[in-house]
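Asks: This structure is in structure tokens; I'll ask about it shortly.
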Amino acid sequence: MAMTLTLSDSAAQGTQDAPRRRPAPVGAHVAIKGLSHAYRRHDGKVLDGIDFEIKAGEVVALLGRSGCGKSTLLHMLSGLTHPSEGEVVINGNTIREPSPKWVMMFQAPSLFPWMTVAQNAALGLKFTRRNDQIAKRIPEILDLVDLGAFADRNAQELSGGQQQRVALARSLAPKPEMLLLDEPFSALDAFTRRNLQRDVRQIARDLGLTLVLVTHDVGEAVRMADRVIVLKANPGRVFEDTVITLSEEERSGGSDEFQAEHSRLMNIYSQAADAPGEATETTNDFTQI
Ligand SMILES: Nc1ncnc2c1ncn2[C@@H]1O[C@H](COP(=O)(O)OP(=O)(O)OP(=O)(O)O)[C@@H](O)[C@H]1O
């Protein structure tokens, strides 16, 4: 079942008389400027000369083969890792540390199994000392992720897909400006994965959130992203920056338009994966754990 927007404070909500309109984006604007990175225990640079911008409210996929530096780049957008060179600027400010305004979601939902769905979903608000908002916000957010009827269930009684929905609710409850997804659906079966891909895109668009996801699944990028940044490896560099022009209906798959876009992106992905690696120099002051 597709989720419907139920957040009372979202500008996305229409009335019975007016159709639902897409809101003005409240999401983060991101500028990645001259970013390079080397790890202390890794030969050469993992990322080199990365420059691109993400518009507020845009859904962007970072696509590339294993080891090309997608997760490293995502960690830098979250403030968890600092680039050896260059900077990530969000809404005009250079990022120096993590913030509840830009939250990461991982493949493992990391719930506390002995807590209820509502208690797990409330953790983001507790950590940001907004306990007074829990009573109003959590029922709204659980409805948004289609778990309204599961609020009092223990997390361990849920399926993998439902657990990811709880993790999504926990991430969304503090009203972030940007959601960063590191292959969060890869452990799920194909049917559950597709439902979540569709619903997470819809929620991000309805709320006007910026959404950045890391994937090596071309189909996931075509279904979810407005734009795909394809990376090559050794070192990680932008190989191609391409727009997905499908309508919401075409994204569900099966149409000729979807197949054509899938083939086009698969072709770019293969070329990037086959691109030869290059040796890069690092100096002593250009290393980081
Ligand atoms: N903390 C670290 N120390 C040293 N090397 C690291 C560290 N983290 C990642 N690397 C290396 O950096 C490179 C890029 O890793 P990263 O996880 O960013 O790639 P990825 O594209 O997300 O890969 P995957 O799709 O397999 O998750 C890899 O060669 C990896 O071994």
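The values are calculated or read from the model by the stated rules, or taken from the named source; none is laboratory data. The structure presented is a predicted model; accordingly, all values stated were derived computationally and were not measured. Every residue, glycine among them, receives a Cβ derived from its backbone with ideal geometry; neighbour counts consider all protein chains shown.
Asks: Filter the range 162-186 down to the residues that are under 14 Å from the mean Cα position of the chain (by Cα) and assigned to a loop (DSSP other than H, G, I, E, B) and list them by number.
Replies: Scanning the range 162-186 gives P176, E177, E183, P184, F185, S186.
Asks: Looking at the range 159-182, I want the residues that are closer than 19 Å to S71 by Cα and among the hydrophobic types (A, V, I, L, M, F, W, C) and have a partner that is part of a helix (DSSP H, G or I) and within 16 Å of the ligand (Cβ to nearest atom) with Cβ atoms under 6 Å, at least 6 apart or on another chain. Which pairs are those?
Replies: L180/L74; L180/L77; L180/S78
Asks: I've got another one for you. If L188 meets every condition in (1) among the hydrophobic types (A, V, I, L, M, F, W, C); (2) under 30 Å from V218 (Cβ atoms); (3) not assigned by TED's automatic domain parsing to the domain that holds K70 apart from one, which number is that one?
Replies: The failed condition is (3).
Asks: Let me ask something else about it. Give G49, G44, G67, G27 a once-over and let me know the one that is modelled with pLDDT of 95 or more and out of contact with any Pro (no Cβ under 6 Å at 6 or more places or on another chain).
Replies: Unique residue meeting the criteria: G49.
Asks: Which numbered condition trips up D217, out of (1) at pLDDT 95 or above; (2) within 16 Å of the ligand (Cβ to nearest atom); (3) charged (D, E, K, R)?
Replies: (1)
Asks: Hey, another quick one. Out of (1) touching a Ser or Thr at 6+ places or on another chain (Cβ under 8 Å); (2) within 16 Å of the ligand (Cβ to nearest atom), what's the single condition that is false for F106?
Replies: Here F106 meets the rest and fails (1).
Asks: Name the residue that is farthest from the chain's Cα centre (by Cα), counting only residues in the range 187-214 that are crowded, with 19+ Cβ neighbours inside 10 Å and either within 16 Å of the ligand (Cβ to nearest atom) or free of Cβ contacts under 8 Å to residues at least 24 places away in the same chain (or both).
Replies: V214
Asks: Can you confirm whether T72 is near the ligand (Cβ under 10 Å from one of its atoms), among the polar types (S, T, N, Q), under 13 Å from R237 (Cβ atoms) and not in a strand (DSSP E or B)?
Replies: Here the answer is yes, as T72 does meet what is asked.
Asks: Now a separate question. Looking at (1) outside the structural domain of K45 (by TED's automatic domain parsing); (2) in a loop (DSSP other than H, G, I, E, B); (3) surrounded by 16 or more Cβ atoms within 10 Å (Cβ to Cβ), can you tell me which one R129 breaks?
Replies: (3)
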